[in-house]
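Asks: Input: one structure, supplied below.
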Amino acid sequence: MLRLFAEHKLRPAVSLDGVWQLTLKDGSDARYSAIVPGIWEAIPALAQYRGKADYTRTFSTEKDSNLLLRFGGVSHTADVELDGVALGHHYDAFTGFRFAVPGVKAGVHTLTVHIDNSFSEASTLHIPNDYYTYGGITRPTAVETIPDAYIDRMAFVSTQKESVWTAAVSVFVKAVADSAATSVTVSVAGASAQAAVPALKAGECTEVKVDLTCPGVQAWGHMDPHLYELQAVLSVSGSPVDDLVDRVGFREVRLEGESILLNGKKVYIKGFNRHEDYGSQGCAVGVNSMMEDLQLMLDMGANSVRTCHYPNDPRFLDLCDELGILVWEETHSRAIPGEIMRTPLFAEQIDTSATEMVTQHRNHACIYTWGLLNECESETEFGRGVYGHIIDLLHRMDSTRPVTFASCRFFTDICMDLVDICSFNIYPLWYHDGDPLEYARKLIDWLETVGAAGKPILFSEFGAGGIAGYHDPLYKARWSEELQAEILDKQLTALGSLKRISGTYIWQFADVRVADEWAMRRPKAQNNKGVVDLYRRPKLAYAVVKEHYANK
Ligand code: ADA
């Protein structure tokens, strides 16, 4: 299922995960069995395949019914058909999508997903990059049976007033067919409230708001998580017809001057950048591997993850909710070239990435900040317009979280006044020489003059490359594990001594595969700056990080 808990107690939901039939659309029509969720690169003949493929499977329904087909993620473009009828299109591997289909006759149905993972003008976010764009249905899928009006989603906001927590909940009810008036009951942490829902015409959606006072709840804390079940039940004449369940935490994120506060207490971030990439699983990382990643990070003393450079699988966010790990989640965007940023399609695709990220993930207690546009054009007036627009969009969609972005426009960035938390990616001793402390101080001094004064500052990336298993204890050659460990030690010593900053994110947790176009700049066609390798075997740097993070 798409989450780590049951999202429905009433609504019938069936997983569509398992073996699907894959037909290659390269002119050959060659067929393979493919696992969902999974990547097609796991099929040896398709290990290097970039292009189009159709995924097909059947499922059966016992009664005539309205169906909701849900996809957690398809990499990277999907056109979906049910029984030969087109349902719709979705671009971007890193957010989910769904199609509501009215009046589906009982029987056996054929579901086809036409997938394309090629790089072309139609794709402005998935471009050849310092991480790999895999192919396939990479996150879980499900089919659900819905009434004419159904609960599409909920938005939960918690606030503490005089030590009592309250919850403001919006329930979005949608109609797949013309529907009669209904009512919705929302309950969380022992409190419950009811509200009327008007009759809706097919395709309409309405937002119903309820406020709840929840005495006695325990706050969701950093490394001290308490989660509660939030349930909305839709009823017709008092009889329940549909429901939706989420797991939420009561907590407040606030910035006070240079500090990030969680429930009024200052937090210091000891973080890792983590890509969704694990050996032969690629970006379709299994839950046990996600948990392994978090356990390794906790073992090293980390308390936060940056989901570089895209929204993550909600099951990973569920785990962070459960473990009390703070998350910086960001829009899908890494170093998008200026000429692509200037296309109308980019404007549309980046808006969608931001909108889907917030809409789909806003109830995760673990997310404390929204990020956007890693290392894009933040040094020009044009770029400032794009940053300003997305920052504004994120603020309008969610006024409860600060916004940040990771810049590498050293001494030229002109967008620092637009964000709530100022973040910089720096690589002293790796991409350039010089003392890391001096460099960081110089950057902070400059930042204070261009908008960061009185705001929190994070170092969102720093690190060094080390090829797993390549040792050179004597000369500490470039790419040796020894040099990587030494550089990280120096960087962590320098950055850890800065009282002005709110924390650090190491680049990066694990090695990742990179696009073929990047291979000539990346030994082994991997970004080798992981503290563990692609299969999570620790490098020498692991112990170094543990010493710094566990003791801070
Ligand atoms: C940048 C970028 C990362 C990665 C890193 C590196 O800071 O944000 O995605 O490419 O550099 O390894 O050079």
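Asks: Being crowded, with 16+ Cβ neighbours inside 10 Å, more than 16 Å from the ligand (Cβ to nearest atom), within 21 Å of Ala219 (Cα to Cα) and modelled with pLDDT of 95 or more narrows it down to one of Val241, Val248, Val285, Val305, so name that one.
Replies: Being crowded, with 16+ Cβ neighbours inside 10 Å, more than 16 Å from the ligand (Cβ to nearest atom), within 21 Å of Ala219 (Cα to Cα) and modelled with pLDDT of 95 or more holds for just one of Val241, Val248, Val285, Val305, which is Val248.
Asks: Also, quick follow-up: Give the residue, chosen from Trp430, Trp446, that is of a type in the set (Phe, Trp, Tyr), in contact (Cβ under 8 Å) with a residue 12 or more places away in the chain, within 16 Å of the ligand (Cβ to nearest atom) and farther than 19 Å from Thr355 by Cα.
Replies: After applying the criteria, what remains is Trp430.
Asks: Identify all residues within region 174-204 that are touching a Phe, Trp or Tyr at 6+ places or on another chain (Cβ under 7 Å) and either of a type in the set (Phe, Trp, Tyr) or part of a strand (DSSP E or B) (or both); write none if there are none.
Replies: Lys174, Val188
Asks: Output the residue which, of all residues in region 203-261 that are of a type in the set (Lys, Arg) and under 22 Å from the mean Cα position of the chain (by Cα), is farthest from Glu144 (Cα to Cα).
Replies: Restricting to residues being of a type in the set (Lys, Arg) and under 22 Å from the mean Cα position of the chain (by Cα), the top hit is Arg254.
Asks: Scan region 370-387 and tell me whether some residue there is closer than 28 Å to Ala302 by Cα, away from the ligand (no atom under 16 Å from the Cβ) and among the polar types (S, T, N, Q).
Replies: no
Asks: Hey, another quick one. When only residues in region 455-470 that are part of a strand (DSSP E or B) and farther than 16 Å from Trp430 by Cα count, which is farthest from the ligand (Cβ to nearest atom)?
Replies: Within region 455-470, the match that is farthest from the ligand (Cβ to nearest atom) is Ile457.
Asks: Moving on. Please go through region 300-343 and pick out each residue that is within 15 Å of Asn129 (Cα to Cα), in a loop (DSSP other than H, G, I, E, B) and of a type in the set (A, V, I, L, M, F, W, C).
Replies: Residues satisfying the conditions are Cys308, Ala335, Ile336.
Asks: May I pose another question? Looking at Gly51, Gly73, can you tell me which residue is buried (at least 19 other Cβ atoms within 10 Å of the Cβ) and under 25 Å from Thr124 (Cβ atoms)?
Replies: Selected residue: Gly73, the only one of Gly51, Gly73 that is buried (at least 19 other Cβ atoms within 10 Å of the Cβ) and under 25 Å from Thr124 (Cβ atoms).
Asks: Oh, and also: Take the residues in region 413-427 that are in a loop (DSSP other than H, G, I, E, B) and of a type outside the set (Val, Ile, Thr), then tell me which one is nearest to the ligand (Cβ to nearest atom).
Replies: My answer is Tyr427.
Asks: If I ask for residues that are within 30 Å of Trp446 (Cα to Cα), within 16 Å of the ligand (Cβ to nearest atom) and either in contact with a Cys (Cβ under 9 Å, 6 or more places away or on another chain) or touching a residue at least 60 places away in the same chain (Cβ under 8 Å) (or both), which ones from region 489-520 would you list?
Replies: Hits for region 489-520 are Gln491, Thr504, Tyr505, Ile506, Trp507, Gln508, Phe509.
Asks: Separate question: Step by step: first the residues of region 388-412, then only those that are over 21 Å from Phe459 (Cα atoms) and β-branched (Val, Ile, Thr), then the one that is farthest from the ligand (Cβ to nearest atom). Which residue is that?
Replies: Thr400
Asks: Right, next: I need the full set of residues from region 64-123 which are assigned to a loop (DSSP other than H, G, I, E, B) and among the small types (Gly, Ala, Ser), in order please.
Replies: Residues satisfying the conditions are Gly72, Gly73, Gly84, Ala93, Gly96, Ala106, Ser118, Ser120, Ala122, Ser123.
Asks: What do you reckon, is Val85 out of contact with any His (no Cβ under 8 Å at 6 or more places or on another chain), free of Cβ contacts under 8 Å to residues at least 12 places away in the same chain and β-branched (Val, Ile, Thr)?
Replies: yes
The values are calculated or read from the model by the stated rules, or taken from the named source; none is laboratory data. All values derive from a computational prediction rather than experimental measurement. Note that we place each Cβ from the backbone using ideal geometry, even for glycine, and neighbour counts take in every protein chain shown.
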